[in-house]
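**Student:** Got a structure for you, questions after.
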Amino acid sequence: EDDGGSDRGLMERAKLAATGKEVIEEDDLEGPLEELELALLSSDVEMSVAQEILRGIRENLIGETRSKVKTTGLVVEEALRDALIDVISVGQFDFEQRIAEADKPVSIIFTGVNGVGKTTTIAKLSQWLDDRGYSTVLANGDTYRAGANEQLQQHADTLDERLISHEQGSDPAAVIYDAVEYAEANDVDVVLGDTAGRLHTSNDLMDQLEKIDRVIEPDMTIFVDEAVAGQDAVNRAREFDDAAAIDGAVLTKADADPQGGAAISIAQVTGKPILFLGTGQDYDDLEPFDPEVIVDRLLG
Ligand code: GDP
């Protein structure tokens, strides 16, 4: 330290002590950051992502002043918690408020690979919106998979919602476009558009999603994946975000993932918020994402 750091530190510490504040120094952070690193890694957060998070926290906290709370250890712990919540809350917005304020109909496209619970999530969100007074129409933009229409129709029937679908092999953008027109003509508030989770190749899929994004210009694109998929979910989030920029993610099967590592990683890697967690197979099993809950679990 060439600026007489320790002398300056002493002076500042004395001054801050008088005002009830304390400066956080590098040494104070070492132990707690090591513990945090272990916690992140054991929650299935990838090493490079964990390093990035730790680097950001270190940069933000060193030299920062905090209200003096008993001991430096506690100051650091509190600061670390706040910093981690900041990482996980990146881009967080109030989904319901966004829906309330948007021009109707609001179009929402759901992206993600097959089997992760995308269709179930659409059904859950339809009910969630209906519970809050918003009407919805479902649109099946997965025109590739045999049985996709029937599966979504079953949900629509159970929920007593309208499904717009075309025959297998038709243009998915056209289906969703039709659903938007239907919503406009019938004063429906929200269009929930499913998309394919697999085509002949991954390139075909990304091209199709890009086209849907271009034609529909959806108000929101929501990426769905499994919390339990860990790093695979993170890689997919990045890839889908590149094809059709996502506004946020829903992590399903969180009931089987107590740690929430994927949530932390996806927020860090994409800079987009986790909006909801799927917590079971019933329509009610959808919870708004709360960064504090994940951090509490992580820090124990
Ligand atoms: P899609 O291919 O992505 O549309 O996947 P589906 O919606 O068909 O769901 C695949 C399976 O995952 C079904 O058996 C769902 O009941 C189940 N599933 C979906 N979401 C959740 C969840 O949050 N928790 C659990 N435990 N199962 C879920």
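**Student:** Over region 198-257, consider all pairs of different Cα atoms and compute the Kirkwood hydrodynamic radius from their mean reciprocal separation; express it in Å, one decimal.
**Tutor:** Across region 198-257, the inverse of the average 1/r is 12.2 Å.
**Student:** P(r) of region 153-197 in 5 Å steps, Cα pairs, percent per bin?
**Tutor:** Once binned at 5 Å, the Cα pair distances of region 153-197 give 5, 21, 28, 27, 15, 3.
**Student:** Nearest 10 degrees is fine. How inclined is helix 231-243 to the longest principal axis of the chain, computing both from alpha carbons?
**Tutor:** With both axes taken from Cα atoms, the answer is about 60 degrees.
**Student:** Can you work out the accessible area per residue across region 147-300, with the rest of the protein chains kept in place, probe 1.4 Å, in square angstrom? Each step should come with its number before you reach the end.
**Tutor:** Numbers: 6870 Å² over 154 residues.
Ligands and nucleic acids excluded, the result is 45 Å² per residue.
**Student:** Given a Förster distance of 30 angstrom, what is the FRET efficiency for GLU77 paired with GLU101, based on the Cβ-Cβ distance and rounded to 0.05?
**Tutor:** 0.20
**Student:** Still on this model: Assuming a viscosity of 1.002 mPa s and a temperature of 20 °C, what translational diffusion coefficient in µm² per second does Stokes-Einstein assign to region 176-219, Rh being the Kirkwood radius over Cα pairs?
**Tutor:** After rounding, the answer is 185 µm²/s.
**Student:** Give me a comma-separated list of calculated 3J(HN,Hα) values for region 124-134, in order, Karplus coefficients 6.51, -1.76, 1.60 applied at θ = phi - 60°, integers in Hz, x for any Gly or Pro.
**Tutor:** Residue by residue, region 124-134 yields 4, 5, 4, 5, 4, 5, 4, 4, 9, x, 9 Hz.
**Student:** How far is it, in nm, from the label point at SER48 to the one at ASN235 when both lie 7 Å from their Cα along the line to the Cβ?
**Tutor:** Placing both labels 7 Å beyond Cα along the Cβ direction yields 1.1 nm.
**Student:** How tilted is helix 202-216 with respect to the longest principal axis of the chain? Cα atoms for both, answer in degrees (0 to 90, nearest 10).
**Tutor:** Roughly 80 degrees between the two axes.
**Student:** Ok, one more. For ASP284, ASP225, write out the residues from largest to smallest accessible area, computed with a 1.4 angstrom probe and no ligands counted.
**Tutor:** Details: ASP284 115, ASP225 0 Å².
Most to least solvent-accessible, the answer reads ASP284, ASP225.
**Student:** P(r) tail for region 62-202, what percent of Cα pairs lie past 17 Å?
**Tutor:** 66 percent
**Student:** Using a 1.4 Å probe on the protein heavy atoms, what percent of the accessible area of the chain belongs to carbon and sulfur?
**Tutor:** 43 percent
**Student:** Just round it to a whole percent: the fraction of Cα-Cα distances in the chain exceeding 33 Å.
**Tutor:** In whole percent, the long-distance tail amounts to 34.
The values are calculated or read from the model by the stated rules, or taken from the named source; none is laboratory data. The structure displayed is predicted, hence computed values, not measured ones. Positions of Cβ are backbone-derived with ideal geometry, glycine not excepted, and every protein chain shown enters the neighbour counts. Each accessible area value is taken on the protein alone, full model and side chains, heavy atoms only, with ligands, DNA and RNA left out. Shrake-Rupley method; radii C 1.70, N 1.55, O 1.52, S 1.80 Å.
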